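Only the coordinates and a few stated rules stand behind these numbers; no lab work does. Small disclaimer: the values here were computed from a predicted structure and weren't measured. As a convention, Cβ positions derive from the backbone with ideal geometry for all residues, glycine included, and neighbour counts pool all protein chains shown.
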């Protein structure tokens, strides 16, 4: 099984973080979308989501078992 990879454009590094977010104009308050991040892109993805007030939490990523 392929490892889960970072959501940053063009990045194929293994994901180690889950950025939990929602767009309050589109999603109910309890809904959480997930972007995956490697260590290198965690901050830039958090900044992108945070600037839009979409970021709710960042937690360690545990890969799904197949």
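Compactness check for the chain: Cα Rg over 2.2 N^0.38 Å is 1.11. Relative to the longest principal Cα axis of the chain, at what angle does helix 42-51 sit, 0 to 90 degrees, rounded to 10? For 42-51 against the chain, the angle is about 10 degrees. Residues within the reach of a label modelled at residue 23 (point 7 angstrom out along Cα to beta-carbon, backbone nitrogen below 19 Å), restricted to region 35-59, are 35-36, 45-57.
Take the Cβ atoms of residue 52 and residue 11, set R0 to 25 Å, and the FRET efficiency comes out at 0.80.
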